[in-house]
Amino acid sequence: MTLIETMNQLNVLLTTVTRDLNKVHSGNKAASQRVRVGTIRLAKIGKKFREESVDAEKSGKFKKKPPSRKSKRKKKKR
């Protein structure tokens, strides 16, 4: 699976868990079970995302942005 696919999967799962969390507040027991299962899936996909992002960064596919010019400027002291 690619890094973008994993990010999309994380996003969809997080949206689903958030929606079910709102249902839990109203007393929906089935939604509580879905949230518990969803958090386990989030952990697994989160670990996969971490592995893929580290690999992508090492291979050069995913590079950090260089610091902006603003951060290079020194602040003047008054």
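Scanning segment 1-22 for residues that are within 18 Å of Lys48 (Cβ to Cβ) and either in contact (Cβ under 8 Å) with a residue 24 or more places away in the chain or surrounded by 14 or more Cβ atoms within 10 Å (Cβ to Cβ) (or both) yields Met1, Thr2, Leu3, Thr6, Met7, Gln9, Leu10, Leu13, Leu14, Thr16, Val17. Scanning segment 23-35 for residues that are loosely packed, with under 13 Cβ neighbours inside 10 Å and of a type outside the set (S, T, N, Q) turns up His25, Gly27, Lys29, Ala30.
Can you find a residue in segment 46-58 that is over 18 Å from the mean Cα position of the chain (by Cα) and at pLDDT below 95? Looking through segment 46-58, at least one residue is over 18 Å from the mean Cα position of the chain (by Cα) and at pLDDT below 95.
The values are calculated or read from the model by the stated rules, or taken from the named source; none is laboratory data. Model, not experiment: these values are computed from the prediction. With ideal geometry, Cβ positions are generated from the backbone for all residues, glycine too; neighbour counts draw on all protein chains shown.
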